[in-house]
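Asks: First the structure, which I've put down as structure tokens, then a few questions once you've had a look.
Values quoted throughout were computed directly from the atomic coordinates according to the rules given, and no laboratory measurement underlies them. Not measured: the values here are computed from a predicted model. So basically every Cβ, Gly included, is an ideal-geometry build from the backbone, and we count neighbours across all protein chains shown.
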Amino acid sequence: MEESARHQSVNELKKVLGPALLTVICLGQIIGSGIFVLTGTAAHDYAGPAVVLSYCVSAIMAFVSAMTFVEMAVDYPLAGSSFNYTLAVMGEFPAWVTITAIVVDAILAGGVVARAWSGYLAVLCGRNSSFFIINSHGTQLDFVAFGVTMFITAIVAYGTKESATFNFIFKGTNILLIVLILCLSFPHANKQNWADFWHFGDAGVFGAAAVVVFAYNGYNAACNMAEEARNPKRDLPIAIIGSLTLATTLYVLMAIAITLMVPFYQIDVLAPFSAAFTKIPGWGWCQYLVSVGAVFGIGTVLLIQIMTITREFLVMARHNLIPSWFAYVNGFTGTPLRITLIFGTIKAILALCLPLKELASLVNFGYLFVAFMVASSVLIRRYHQRGITHSGPTIIRWALIVLFSIGFAASYKAWPHAKPLKWVALLVFAIAIIATCTSFYLMKQVYTPAGFKIYGVPYVCGFAIFGAFFLIASLGSEAVSRFFIVLIVISFLYLVYGVHAAESHDNDLDGARIERERQAADMKVGALEMGKGDAGKGAGANGSAAAIEDAKFGAHHDHMPGYHAPHEDVRMVDTPYAHIPNKV
Ligand SMILES: NC(=[NH2+])NCCC[C@H](N)C(=O)O
């Protein structure tokens, strides 16, 4: 089925990405406006010098959630990442909701990032950061944000290799400049500036953590590009974990540097690093260095964002959730040309005319919601396989984790002052979450991934779910209510369009799944006969998954009994439905 979906694209995406390019693609989307812009707000308004801890808290959340992405991405090396994962495990409506969160995140983030780019270009030209914004009848227009988005869209449309190379050069320069900025900052450190380290308390640290989540957003870029990766099984974990480690190190060092250089109440909220240097006599020239670094860094965020979100749309189009016309991959460029040009233009128009800064919290909501969905998918598929186990025990435990996490987050927010009651409530919810995670061990795991796998999956996924809800609560009620409005609109669209459009596709999907399972069973027998006795190992009732895995990546792929290459020159990378026949 996935192969018939892929044929909607006419041509294949080119497999041109190795480990280095994939790592830099992740870095390309991670390091940008978050560190160069939001550090100011996070330190000045929320956490003070303890913003350093906020970066650590957000990093923990990012790492835990990244693990869940890696496990899924290695199993499903397909364009579309989180959409595919939730589609395969939870079904179409949850996948539709996930894509909503992704689209909200991507469209709004595009505007925020493009405007941050225009702001830093202005600083580079020696002007203030709102220099390029024109006020027309009460609307703040930013033609520079529009122009840079269109320019970058053209690069993405032209080719993946070219875009990745562009990203490599720009991100490389950006990282070198960050290291240089760090070297220039530390000599001006004054430890007096940390005297009031805990000024805003724990609420400030978590509030700022919810803001700087934005800075970590983007590590999943490699998952979206998985179909263009040469060896996804090996390279995706390297790219995601490597890029997050480097970004976290740089972020924490930069947060230490800025808070030691400037008293937190004097940190500039628009351009914290360049403003810090202008305050030091004789060091004003460093602000230009910072601006070049920011312009290069933020530019790659725009590039990778457009590159990755178009792959999500591509997969939606392949599944008819949007018109399949969008699924077309151009034979010359090897990129999803139609979707890239259309989506890039929409993004550019939004960057031109919407004052998106206030909507930035919605972006973080979208990202945290997707992290929640992916962690849930990882957890559910380990313990529940459709047609083999009852969904009840798994779903009830999962729902309890969600409920207790919401309870914990709500108690933390609701009682800022009533200390004893608050601590009791937090303790009860924390114990309940841990106990529920532990109770998964009373069940038998029915699926074990053949590639990268998380150990202690109930705890890791439980923590990812908890972390997502806790940070969402720290974002404030406005973001939550705005997101629910979007969700209602999207559910309505799904009911009037998506559900019908995908209907025929679904029937096809079920039939194909049965056929693939049959083929997989054949392959398992074949693999055993060929002396690959471990073909079904660890897959439990879903033994076919490992056999497919073996056949997919093994050298004997085409000679497996029961395997029919779908197309002479098209090697199937994966098929989620055969792999994990699992919709809840
Ligand atoms: N899909 C997204 N929300 N991308 C936004 C990534 C933002 C990036 N981490 C930055 O700090 O600029």
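Asks: For the pair Ile342 and Leu246, what calculated FRET efficiency results from E = 1/(1 + (r/R0)^6), where r is the Cβ-Cβ distance and R0 = 45 Å, to the nearest 0.05?
Replies: 0.85
Asks: Note down the nm distance, to one decimal, between modelled labels 7 Å out along Cα→Cβ at Val292 and at Leu180.
Replies: 0.4 nm
Asks: Just to check I understand the Karplus step: with θ = phi - 60° and J = 6.51 cos²θ - 1.76 cosθ + 1.60, what whole-Hz values come out for segment 146-151, glycine and proline as x?
Replies: 4, x, 5, 5, 5, 4
Asks: On full extension of the chain, what length is gained from Gln266 through Asp202, given 0.36 nm per residue of separation minus the C-alpha to C-alpha distance?
Replies: Length gained, Gln266 through Asp202: 20.9 nm.
Asks: Rank-order 298-304, 184-190 by packing density, defined as the average count of other C-beta atoms within 10 Å over each peptide's residues, highest first.
Replies: 298-304, 184-190
Asks: Taking the simple approach of a point 7 Å from Cα along Cα-to-Cβ for both Val489 and Lys279, what is their distance in nm?
Replies: 4.0 nm
Asks: Place a +1 charge on the Cβ of each Lys and Arg in segment 2-353 and a -1 charge on the Cβ of each Asp and Glu, then give the dipole magnitude about the Cα centre in debye, rounded to the nearest 20.
Replies: Roughly 640 debye, rounded to the nearest 20.
Asks: For Arg230 paired with Arg386, estimate the spin-label separation in nm (one decimal), with each label point 7 Å from Cα along the Cα-to-Cβ line.
Replies: 3.7 nm
Asks: I've got another one for you. Tell me which trypsin sites (Lys or Arg not before Pro) from segment 378-464 have a DSSP coil assignment and no more than 12 other beta carbons within 10 Å of their own.
Replies: When the trypsin sites (Lys or Arg not before Pro) of segment 378-464 are filtered for loop state and at most 12 Cβ neighbours within 10 Å, Lys444 remain.
Asks: Here's another thing I want to ask about it. Given the peptides 83-93, 468-478, arrange them by the average over their residues of other C-beta atoms within 10 Å, most packed first.
Replies: Order by mean packing, descending: 83-93, 468-478.
Asks: Which FRET efficiency value, to the nearest 0.05, is calculated for Trp415 and Ala195 with the Förster distance at 30 angstrom and r the Cβ-Cβ distance?
Replies: Once the sixth-power term is evaluated, E becomes 0.55.
Asks: Oh, and also: Exposure proxy check: His137, His390 ranked by fewest other beta carbons within 10 Å?
Replies: Listing His137, His390 from fewest to most nearby Cβ atoms yields His137, His390.
Asks: Separate question: When the convex hull of the C-alpha atoms of segment 2-353 is computed, what volume per residue in Å³ does it have?
Replies: 130 Å³
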